[in-house]
1. Output the direction-averaged projected area (hull surface divided by four) of the convex hull of the alpha-carbon atoms of region 254-403, in nm².
2. Positive end of the charge dipole of the chain (Lys, Arg +1 and Asp, Glu -1 on Cβ, about the Cα centre): tell me which of Asn100, Pro86, Ala341 has its Cα farthest that way.
3. Calculate, in nm to one decimal, what Ser287 and Arg368 gain on full extension: separation in residues at 0.36 nm each, minus their alpha carbon distance.
4. Using label points projected 7 Å from each Cα along Cα→Cβ, tell me how many nm separate Val176 and Ser209, to one decimal.
5. Work out, step by step, the length gained on full extension between Leu266 and Leu185: first 0.36 nm times the residue separation, then minus their alpha carbon distance; give nm to one decimal.
6. How large is Rg over Rh for the chain, taking Rg from the Cα atoms and Rh as the Kirkwood inverse mean of 1/r across Cα pairs?
7. When the helices in the chain are scored as -39500 (n - 2.57) per DSSP H run of 4 or longer and the sum is shared across all residues, what 222 nm value do you end up with, to the nearest 500 deg cm²/dmol?
8. Any idea how far the Cα center of region 308-326 sits from the one of region 71-122, in Å?
Amino acid sequence: MKMSACGLALLMVMAAPSAEAANREITALFQPDPSQPSKNVFINKTPNSGYCASYPVQCSRYNMFSIELPIRFDSTRAIEPGEGVPLKVPANWRQLTITNAQTRETELVEVRIIGIGSRFFLSDSAANLVGVTDILEGHRKLWEGLGWVNAPLPCQVSGVGAYGPEWYRFFWRAPVEASCVKVPLFKIPSMYFDTLDFAYELRTPNPLSMSSGLYTGAITYTMGSGADFDFGPYMVPDDGSLTLDFVLDVQHTLKVDIPPSGNRVLLEPQGGWQSWLEQGRKPTRLSRDQTFNISASSRFKMSLQCQYYSDINCALWEPASGHAVPLEVSVTLPNGIVDAAGQPVNRRRLRRDGVGTELFQPGIYLDRKPGTLHFEVPREAVQEMIHPGTSRSYSGNVTVIWDSEVG
């Protein structure tokens with residue numbers, strides 16, 4: 001018996017950005033986990049940079065991943081007391097289409113930005129701007145609501161901030177898509193943000209329902225006043241857009257293990273040949289069940305290849321008489337695998353044309369679960385095979401195929 005199994009890799013790669021655009025890759029992996037068979041999700045494999053690289057405990061508390069990019073926002077004029085510095089990010093879910101490069105099948109991925117941070121630099125120390133000597137007191141008095149570790153609503157505190165005489169590092173969680181405004185209480189001649197640090201969240205397709213191959217797609221955000229990433233009308237970025245490159249790698253399992261000597265199937269009457277040999281009672285059927293163990297995390301199909309065949313079935317051949325009889329093959333799959341209609345697979349006929357077995361879908365990852373192949377010569381054919389006083393030997397090769405390439 002023969003099986004066909006292939007891995008499934010899902011790769012999302014965006015087009016190269018223009019000269020005035022930033023670009024970053026996000027990677028995620030799906031591998032079936034025998035210890036958690038119902039966990040059909042991608043695992044984010046993108047290395048953290050920025051806030052979550054510096055404060056991993058804080059980010060794990062909120063299940064955040066952050067990326068830091070060298071995008072600078074510069075003030076175009078002095079910021080007067082009470083004017084405020086608004087920060088807004090694309091916190092609503094946005095969709096992008098990914099396409100399988102070989103099959104042209106499409107899936108949807110969703111992404112949203114759930115946090116924003118940076119490190120800003122002032123034209124003078126915060127203490128000098130407010131007329132104190134203590135560094136922390138200067139930062140607290142310069143802004144309404146104290147320092148930038150305290151996020152203005154609707155943003156929320158992430159936990160940790162850092163500061164120096166002229167700079168302050170912050171990170172806010174952004175649960176909704178709205179401006180979070182930090183208002184100075186003193187005039188700031190100029191300031192700039194030296195990086196763009198953001199956290200993101202993904203919704204990915206169910207990997208068990210995806211075909212093998214490479215999927216590609218892209219999402220681009222704008223930056224600047226009134227754009228997706230908006231730091232206010234007088235904070236100008238040195239990049240006009242940001243493109244995220246997603247790389248999703250799906251490594252499916254489809255493996256079938258046949259017990260030792262399981263590739264040699266001997267058909268016999270129920271209870272053996274004793275009734276025929278001792279009493280001359282013809283058997284009514286010849287059959288054999290062959291068990292196998294299957295590990296599967298992806299959809300697959302099944303079909304037959306035959307050395308000899310009879311219409312949609314394989315056949316067994318007796319060379320001395322030139323006689324052939326049909327051999328019916330069917331399969332029972334373990335619980336957790338259903339057909340295209342969502343029905344369990346119990347003694348499902350396998351045909352040479354593959355009709356009826358075009359799609360089997362596991363609902364969870366199955367690790368070495370038992371199934372059965374059923375081989376049987378129909379009753380009417382058995383009567384033709386057995387003749388008193390005549391020795392006959394019927395044989396034939398049958399290849400059972402488990403194929404992960406489902407069209």
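1. Computing the convex hull of the Cα atoms and averaging its projections yields 9.4 nm².
2. Of the candidates, Ala341 comes out farthest on the positive side.
3. 26.7 nm
4. 3.2 nm
5. Difference between extended and current length: 20.1 nm.
6. My calculation puts Rg/Rh at 1.27.
7. So the helix-based figure for the chain works out to -2000 deg cm²/dmol.
8. 67 Å
Any read-out appearing in this document is the output of simple, stated calculations on the displayed coordinates, not a laboratory observation. All of these numbers come straight from a predicted model, not from anything done at the bench. Glycine also receives a Cβ, built like all others from the backbone with ideal geometry; neighbour counts cover every protein chain displayed.
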